[in-house]
1. Being closer than 30 Å to ASP60 by Cα, touching a helix residue (DSSP H, G or I) at 6+ places or on another chain (Cβ under 9 Å) and in a helix (DSSP H, G or I) is the filter here; which residues of the stretch 300-332 pass it?
2. Of the residues ARG296, ARG313, which is under 21 Å from HIS221 (Cβ atoms), open to solvent by 20 Å² or more (accessible area, probe 1.4 Å) and touching a Pro at 6+ places or on another chain (Cβ under 7 Å)?
3. Considering each of GLY128, GLY112 in turn, give the residue that is crowded, with 19+ Cβ neighbours inside 10 Å and out of contact with any helix residue (DSSP H, G or I) (no Cβ under 6 Å at 6 or more places or on another chain).
4. Please go through the stretch 230-246 and pick out each residue that is in contact (Cβ under 8 Å) with a residue 12 or more places away in the chain, open to solvent by 10 Å² or more (accessible area, probe 1.4 Å) and out of contact with any Asp or Glu (no Cβ under 8 Å at 6 or more places or on another chain).
5. Which one is farthest from the chain's Cα centre (by Cα), of the residues in the stretch 196-218 that are of a type outside the set (Ser, Thr, Tyr) and not in a helix (DSSP H, G or I)?
6. For residues that are under 23 Å from the mean Cα position of the chain (by Cα) and of a type in the set (Asp, Glu), scanning just the stretch 44-73, find the one that is surrounded by the fewest Cβ atoms within 10 Å (Cβ to Cβ).
7. So which of ALA347, ALA334 ends up being in contact (Cβ under 8 Å) with a residue 40 or more places away in the chain and not polar (S, T, N, Q)?
8. Go through the stretch 312-361 and give me each residue that's aliphatic (A, V, I, L, M) and on the phi > 0 side of the Ramachandran plot.
Amino acid sequence: MEPAATVRIEEMEKFPLAERVNRISVSPTMVVLQAAERLKAQGKDVADFGAGEPDFPTPDHIKRAAIRALDENLTKYTATPGIAPLRQAICDWHRAQLGSSYEPAECIVTVGGKHAIFETVCALVSAGDEVIIGAPYWVSYPDIVKYAGGTPVIVETRAADDFILRAADVEKALTPRTRIVIANSPSNPSGAVIPPDEFAKILALCRRRGVWLLSDECYSHFTYGAAKPFSIASLPDSKDRLIIAGSFSKTFAMTGWRVGYVLAPQRLVAAITKLQSQSTSNPTSIAQYAALEALRGPMDSVAAMLAEYARRRERIVAGLRAIPGITCNAPQGAFYVFPNISAHFGAEMPDDTVASKLLLERDLVAVVPGDAFGAPGHIRISYATSVERIDEGLRRLHRFFSRAQ
């Protein structure tokens, strides 16, 4: 008998959903995670490279701050844009770490970085508006734009250019309907880092054309080699057409706490606050106090995580490049590699979606297909896992692609 929770197609037709929901799909990364979890629940040894979150615990001093907040009964509603000390701390931290000059009235605390982007797009985008997104892109950008009634306009970047979003390519895609340009640096999934001078050109272009630049800084503090943490908000007079979306999830290993923020002109922050007041009301109170401690406390954990990610990065890039037919750029930031596997495509394995499915079924390796990121022919591999699991995953990948030749 079919489970009662299963919704049949004919039942869906009896109870049609809103068109705005039908425009979007379930996050592809969540689909991969769920498939991997089902196998793990069966006792299977899955080499899980799908997760887009640190494998490190939240630092103890941050957890203790949440416990103190509970003990002190700081469990009531807060102001919609977040508690005042946290908004001040975000502005102070961003100024000290990344050279900006925001004030609390230009800051709102959100329920994670994704929520920051979602609310910003919903506050700015109307039906028919266009939003420029560089590909490969984070999977949620296009669907968030579609939900708001806008049209994603995809600008392809090139592996030969390290997947860097270029102002010249953005300019070619601009139209009178363009409302926002989204820049994600360091990038999920490619690890690309936009050089500061190129970022400045993109901002200047947006200001000249009256377009918003939304800079997603989720991975700001995870950069390698010559690349350094950078915010476009550090440039003088940059704030009038700029929106910063930030997150505590990656920098402080706080993915489940769901705390992010927006830094933007006061009028836009007021609009986002209005939207938030009618949706989530406020981020969880105790999570806000934990976030406050994250910003005011030591950042030793960030340096420790970065050092370990750098070690893993070297290991996985070398391992992938040793597999015949696979090419792989060395990421300049974040904690993903984005190898091209298209040389192995054929009748049985025609694309990266099928390849990802077969990898999980045959060799218990969980990856995310590149098509989900607007870059067919690639797969995303997270190295936010131990070196031992990386080595085991590389052995399985080598075995799988050796059979595919």
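1. Within the stretch 300-332, the first condition is being closer than 30 Å to ASP60 by Cα, and the residues that meet it are 300-316, 331-332.
Going one step further and asking which of them are touching a helix residue (DSSP H, G or I) at 6+ places or on another chain (Cβ under 9 Å), we end up with 301, 308, 311-312, 315-316, 331.
Scanning the stretch 300-332 gives SER301, GLU308, ARG311, ARG312, ARG315, ILE316.
2. On the way: ARG296 fails: touching a Pro at 6+ places or on another chain (Cβ under 7 Å).
Result: ARG313 is the single residue among ARG296, ARG313 that is under 21 Å from HIS221 (Cβ atoms), open to solvent by 20 Å² or more (accessible area, probe 1.4 Å) and touching a Pro at 6+ places or on another chain (Cβ under 7 Å).
3. Only one candidate passes the filter, namely GLY112.
4. Taking the stretch 230-246 first, the residues in contact (Cβ under 8 Å) with a residue 12 or more places away in the chain are 230-235, 238-246.
Retained after the next criterion (residues that are open to solvent by 10 Å² or more (accessible area, probe 1.4 Å)): 230, 234-235, 239-241.
Matches in the stretch 230-246: PHE230, SER234, LEU235, ASP240, ARG241.
5. Of the residues in the stretch 196-218, the ones of a type outside the set (Ser, Thr, Tyr) are 196-214, 216-218.
Filter once more, keeping what is not in a helix (DSSP H, G or I): 210-214, 216-218.
On the way: GLY210: 26, VAL211: 22, TRP212: 19, LEU213: 16, LEU214: 13, ASP216: 8, GLU217: 9, CYS218: 6 Å.
By that ranking, first place goes to GLY210.
6. GLU53
7. ALA334
8. Quick first cut of the stretch 312-361, residues aliphatic (A, V, I, L, M) only: 316-318, 320, 322-323, 326, 330, 334, 337, 341, 343, 347, 349, 354-355, 358-360.
Result: ALA334, single match.
The values are calculated or read from the model by the stated rules, or taken from the named source; none is laboratory data. Note that the structure is a prediction, hence the values are computed from the model and not measured. With ideal geometry, Cβ positions are generated from the backbone for all residues, glycine too; neighbour counts draw on all protein chains shown. Just the protein is used for accessible areas: all its heavy atoms, side chains included, with ligands, DNA and RNA removed. Shrake-Rupley method; radii C 1.70, N 1.55, O 1.52, S 1.80 Å.
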